[in-house]
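Down below is the structure, laid out as structure tokens.
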Amino acid sequence: MFELRQEFIDEMNDTKPGSYPAIPVDIKQKESQQFCRDLALRGVEEMFEALQHLKNWKPHRETEIHEDVDKEEFLEEIVDALNYFFSLLIVTGVNENDLFDAYIKKHLIIKSRLSDGY
């Protein structure tokens with residue numbers, strides 16, 4: 001997924017120069033932070049679009065909406081969100097190994113919290 005997203009970023013920069021800054025960005029710079037924030041917010045927006053497909057989430061609602069959830073459209077929105085989040089990782093210089101290591105580190109913390117009654 002990292003590789004595919006990197007290919008997309010490269011193609012965007014080839015066809016629409018300036019779409020993405022030079023990678024990795026200097027996260028200390030204001031412009032870089034603004035760009036990263038924009039990517040993250042676009043990902044969040046796509047997650048909200050995915051959530052719009054879920055109709056029966058209100059615990060206080062006694063009647064159920066019997067519309068079928070279009071799983072394909074739901075998943076498409078999730079993929080859109082992931083694409084923005086992968087772009088965010090790539091532009092900040094995070095690779096798949098960095099992400100995996102951070103994931104495992106946090107996973108172990110969460111497991112510890114569960115066993116310790118956090």
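With respect to VAL69, determine if the residue is of a type in the set (Val, Ile, Thr) and either open to solvent by 90 Å² or more (accessible area, probe 1.4 Å) or not in a helix (DSSP H, G or I) (or both).
Values: of a type in the set (Val, Ile, Thr): yes; either open to solvent by 90 Å² or more (accessible area, probe 1.4 Å) or not in a helix (DSSP H, G or I) (or both): yes.
Answer is yes for this residue.
Tell me, please, whether a residue that is among the acidic types (Asp, Glu) and in contact (Cβ under 8 Å) with a residue 24 or more places away in the chain can be found in region 102-118. Reasoning before the result, please.
Taking region 102-118 as the starting set, the residues that turn out to be among the acidic types (Asp, Glu) are 116.
Then keep just the ones that are in contact (Cβ under 8 Å) with a residue 24 or more places away in the chain; that gives none.
Looking through region 102-118, none of the residues is among the acidic types (Asp, Glu) and in contact (Cβ under 8 Å) with a residue 24 or more places away in the chain.
If we scan region 93-100, do we find a residue that is over 22 Å from ASP10 (Cα atoms) and open to solvent by 70 Å² or more (accessible area, probe 1.4 Å)? Spell out the reasoning first.
As a first pass, look at region 93-100 and keep what is over 22 Å from ASP10 (Cα atoms): 100.
Applying the additional criterion that residues be open to solvent by 70 Å² or more (accessible area, probe 1.4 Å) yields 100.
Taking every residue of region 93-100 in turn, at least one turns out to be over 22 Å from ASP10 (Cα atoms) and open to solvent by 70 Å² or more (accessible area, probe 1.4 Å).
Select from region 6-31 the residues that are in contact (Cβ under 8 Å) with a residue 24 or more places away in the chain and of a type outside the set (A, V, I, L, M) and write down the one among them that is nearest to GLU77 (Cα to Cα). Explain how you work it out, then say what you get.
If we filter region 6-31 for residues that are in contact (Cβ under 8 Å) with a residue 24 or more places away in the chain, which is where we start, we get 6, 8-9, 20-21, 23-25, 27.
Now narrow it down to the ones that are of a type outside the set (A, V, I, L, M): 6, 8, 20-21, 24.
Numbers: GLN6: 19, PHE8: 17, TYR20: 22, PRO21: 25, PRO24: 26 Å.
Here the residue is PHE8.
PHE48 - would you say it is aromatic (Phe, Trp, Tyr), surrounded by fewer than 17 Cβ atoms within 10 Å (Cβ to Cβ) and within 28 Å of GLU3 (Cβ to Cβ)?
Details: aromatic (Phe, Trp, Tyr): yes; surrounded by fewer than 17 Cβ atoms within 10 Å (Cβ to Cβ): yes; within 28 Å of GLU3 (Cβ to Cβ): yes.
Judged against the criteria, PHE48 is a match.
In region 1-20, what count of residues is obtained for those that are at pLDDT below 95 and part of a helix (DSSP H, G or I)?
Counting residues in region 1-20 that are at pLDDT below 95 and part of a helix (DSSP H, G or I) gives 0.
Need pairs with beta-carbon distance below 6 Å; first residue in contact (Cβ under 8 Å) with a residue 40 or more places away in the chain and within region 69-98, second in a helix (DSSP H, G or I) and open to solvent by 70 Å² or more (accessible area, probe 1.4 Å); sequence gap 6+ or separate chains.
The qualifying pairs are TYR84/ARG42.
Answer yes or no: is there a residue in region 21-32 that is outside any helix (DSSP H, G or I), open to solvent by less than 80 Å² (accessible area, probe 1.4 Å) and farther than 26 Å from ASN95 by Cβ. Lay out the reasoning, then the answer.
Pass one, region 21-32, residues outside any helix (DSSP H, G or I): 21-29.
The next check asks that each one be open to solvent by less than 80 Å² (accessible area, probe 1.4 Å); those that pass are 21, 23, 25-26.
Imposing the further condition that a residue be farther than 26 Å from ASN95 by Cβ reduces the set to none.
Looking through region 21-32, none of the residues is outside any helix (DSSP H, G or I), open to solvent by less than 80 Å² (accessible area, probe 1.4 Å) and farther than 26 Å from ASN95 by Cβ.
The values are calculated or read from the model by the stated rules, or taken from the named source; none is laboratory data. On a predicted model such as this, the values are computed, not experimentally measured, just so you know. Neighbour counts are summed over all protein chains in view; Cβ atoms, including those assigned to glycine, are modelled from backbone coordinates with ideal geometry. These accessible areas exclude ligands, DNA and RNA; they are computed on the full protein's heavy atoms, side chains included. Shrake-Rupley method; radii C 1.70, N 1.55, O 1.52, S 1.80 Å.
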